[in-house]
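Presented below is the structure to which this report refers.
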Amino acid sequence: MRVLGLILAGGKSDRLWPLTKVRASAAVPVFGKYRAIDFTLSNMVNSGIRKVGILTQYNPRSLMDHLGAGKEWDLDRKSGGLFILQPYVGPNREVWYRGTADAIFQNMTILRRGEEDHVLIGSGDHIYKMIYKDMFNYHLKRGADITLLVKELDETYNLSEYGIVQLDQDMRVVEIEEKPAKPKGNIAFLGVYFLNKELLKELLYATVPQGKYDLLLDVVIPNLDKLKVYAYRFDGYWRNVKKGIHEYYRINMDILKKEVRDELFYRNGKVYTKLKDLPPPKFTSTAIVENSLIADGSVIAGTVRNSVVFRNVRIKVGAVVENSIIMENTVVEEGAVLRNVIIDKNCIVREGRVVEGSGDLPVFEKRAVL
Amino acid sequence: MGNVVAMILAGGQGTRLGVLTERVAKPAVPFGGKYRLIDFTLSNCVNSGIYRVGVLTQYRPHVLAKHIGIGRPWDLDRKDGGVEILPPYVGRNESDWYKGTANAVYQNLEFLEENDAELVLVLSGDHVYAMNYNDLIDYHLLKGADGTIACMEVPLEEASRFGIMITDVEGRIVDFEEKPPKPRSNLASLGIYVFNYEFLKRVLIEDENDPNSSHDFGKDVIPRILRENKGSLYAFRFDGYWRDVGTIRSYWEANLELVLPVPSFNLYDPNWRFFTHSEEMPPAYVAPEAKTSTSLVSEGAEVYGEVFNSVIFQGVRIGKGTVVKNSVIMTKTEIGENCYLENVIVAENVKIGNNVKMGVGEDAESKLDSKIYTGLLTVVGMNSTIPDGVVIGKNCVIGVGVKPEDFKTKKLESGDFVLPREE
């Protein structure tokens, strides 16, 4: 089966501010060396998808730099490969994408060309590991028009922030409520669509020219009666980084649990990312490291507990970092103390500085000097 | 500057590394947590702006060939130039194995010709160092030399282990002594040469036609140039870090030097990166109950035990209650719970069970080969499995691919060894 992958990665996400001041939410750094988009992109590549279009719009520089020619995902291909789909000015057309459906509609060429029969649409800011093959088989066996990926969410998710799905006993989707104030269930749509390419083209032509721009609200929901929309259940780890700073923090802390590491890093293929060729992390004689993830190029001379330390970070002698996320190239100088904070790339925490966050998680933006 | 082509001699077996080079050529031996020895020379080339590189292989080349591939990690996947693996091939003779370093380059004169070489850098693929070859080349051009040899001042008492250069005040080499018992100078050759191509071609053809030659640069070609006054050779003094990690002891020491607060060899210099082909792995994880200090712990490693003064490669697992001290543990090795490892080198893909002790007990001479295994270090070859509860002494050797049933006893005295059963 030939499948075209599309990743919606244009999102702005004010709720991740200031991490998204300089980057799209899909480019937000996670787990010491990755960016959020690595997961969906690796899932697609690991599922045998050889042609992937990335729909970008907001602050795309860091995302573009990260993706490059797609080399790290083996997507630097003569046929197929990686396509960056940015809005552009052309004759008789609008510039910015007005919604998810509009974004795909404006890139109709990638749907028209190529011999793919199906399209998998995913989101660039979801963290999960999955091989999509079973979902494809399910879609075909069911004779579905559209298959949506869903998951039963537990109490650690705020249900009214998700699309809540009602299913009949046959797993057919009968109702979707986007961000309902009073959710009627706990099965949420995970933003992954699988459908026939020709059908997608038809649906887009029937809606977008009428000024309806959202894939879920304007294309899928109004057609639930007419089309056979089925749900495919995912039971693994799934989180959306876009849901806010606390969610972002939580996701990064989750990786300190063995079962989450095993699932995200070692099951269903690898997670690929842009390599940096840094030397192995070094722990000096004064280092104390407990329950932490330490990425390449970092030199730890201080104390690090329950934290995620990105690449090329320096934690100097006498510095203490606890329950924190320290991004690339940041230097924590001698005697500084950081607790419950998120520090973006290229920051400097001055000698002896003490920063403690509590319920209100302090986030320090890129290149900050504390 | 003329067109520079680098020829990396990577055929060496490195017999003094024992089981570590039983399955791989010495340039492919892992080093420093994620690298292989040849990465240093390859990275020096690209960091010096040299993008035409031939790698001369011979002994067990497949790990090396896979590692180098099309040269992508070093940006050597070029439309023009790039890296080319040059194995021996059947030519005019039934088999043209490389007879020596000089013969290996001689057999690839065509490659140099095709690449329009004006200057040829002859390098070894198994040294650990950071050198900007442009300094060497600039010196070579400034002196108007036919050939220039990179040299390093070594302590006079150690000079008899090296090829020693005797120079005049201008730096021109007037004499050369291979491993002299009474050295007249302390300027040792590093096996790094730059030659003018036409000159090199001439002396290599002459050397090839000499029936008494062993066709080696250090033993034959260099002395002959000096003896017969064929051309001008200069000595370029290098004062950085350079190591030929040719013995088990020196290999272990050079690895452990990397964990020092200010190591003499800096892997962390952002202006002189070392590139490698490595597997995609997540960052290292250190558990709540773990203790890790004075060590390198590479990506993909998960440490639940204690690691001191050691180099831990990618994807290594160290179980709860296990202590690893003064050791080098290579890629994807798994160590169970409550083990104790001291002064050991464990090669790739080794499985060590629970409650295993290694490197403990009295000192003893190796019963396997007292010339190779002298360092009181216990060495485990790749792909071996060590069953639960085994106690292994100092200076022991566990061969390559040893299976649990190859252990006749639960206790191995110092100096003893276990090899895989012959099939």
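All of the numbers you see were taken from the coordinates with simple rules; none came from a lab. Note that the structure is predicted; figures quoted are calculated from it, not measured. Positions of Cβ are backbone-derived with ideal geometry, glycine not excepted, and every protein chain shown enters the neighbour counts.
Things to note:
- For B:K219, the lysines whose Cα comes closer than 30 Å to its Cα, not counting residues fewer than 8 places off in the same chain, are B:K26, B:K99, B:K143, B:K179, B:K182, B:K201, B:K230, B:K371.
- Here segment A:294-368 is treated as an ellipsoid with the same Cα gyration tensor; its semi-axes, largest first and in whole Å, are 16, 13, 12.
- In segment B:137-243, a dipole from Cβ-located charges (positive for Lys and Arg, negative for Asp and Glu) runs towards its positive end, and of B:H215, B:A150, B:N229 it is B:A150 whose Cα lies farthest in that direction.
- Across the alpha-carbon set of segment A:75-188, the Rg to Rh ratio works out to 1.01, Rh being the Kirkwood radius.
- Gyration tensor verdict on segment B:217-363 (Cα atoms; rounded if a/c is under 1.5, prolate if a/b is larger than b/c, oblate otherwise): prolate
- A helix-only calculation puts chain B at -4500 deg cm²/dmol for mean residue ellipticity at 222 nm, using -39500 (n - 2.57) for each DSSP H run of at least four residues, averaged over all residues.
- Over 32 Å apart at the Cα level, from the set B:K66/B:K410; A:K282/A:K366; A:K129/B:K332; A:K33/A:K133, are B:K66/B:K410.
- Across all C-alpha atoms in the protein assembly as shown, the radius of gyration and Dmax reach 30.1, 96 Å.
- Length-normalised contact order for segment A:39-174 - Cα pairs under 8 Å, 6+ apart - percent: 27
- Counting charges near B:K230 (Lys, Arg +1; Asp, Glu -1) among other residues having Cβ under 15 Å from its Cβ returns a value of -4.
- Calculated from the alpha-carbon coordinates, segment A:163-252 shows an Rg and a Dmax of 14.9, 41 Å respectively.
- Going from the fewest other Cβ atoms within 10 Å to the most, the residues A:K274, A:K78 appear in the order A:K78, A:K274.
- Look at where the Cα atoms of segment B:298-327 and of segment A:161-224 average out, and the two centres are 49 Å apart.
- Of A:F265, B:F111, the sequence from fewest to most neighbouring Cβ atoms within 10 angstrom is B:F111, A:F265.
- Overall form of segment B:1-96 per C-alpha gyration tensor (a/c, 1.5; a/b vs b/c): oblate
- Radius 10 Å from Cβ of A:V299, net charge of other residues (Lys, Arg +1; Asp, Glu -1): +3
- Relative contact order %, chain B, counting alpha carbon pairs below 8 Å whose residues are six or more apart: 13
- Spatially proximal lysines relative to A:K182 (Cα-Cα < 22 Å; intrachain offsets below 8 disregarded): A:K151, A:K242, A:K243
- Reducing segment A:18-70 and segment A:98-122 to their Cα centroids gives an inter-centroid distance of 18 Å.
- For segment A:271-349 versus segment B:139-153, the gap between their alpha-carbon centres in whole angstrom: 44
- The fraction of Cα-Cα pairs per 10 angstrom bin, counted from 0 for segment A:191-310, comes to 10, 26, 25, 19, 13, 7, 1 percent, rounded to whole percents.
- Chain A: antiparallel DSSP beta bridges as a percent of all, rounded to 5: 30
- Cβ-based charge dipole, segment B:56-178, positive-most Cα from B:V83, B:V105, B:V128: B:V83
- Chain A, relative contact order in percent, only Cα pairs under 8 angstrom and at least six apart counted: 16
- Residues B:E228, A:E365, A:E356, sorted so that the one with the fewest Cβ neighbours within 10 Å comes first: B:E228, A:E356, A:E365
- Counting only Cβ charges, +1 for Lys and Arg and -1 for Asp and Glu, the dipole size of chain A around its Cα centre is about 860 debye.
- Compactness of segment A:227-280 was expressed as the Cα radius of gyration divided by 2.2 N^0.38 Å, which yields 1.52.
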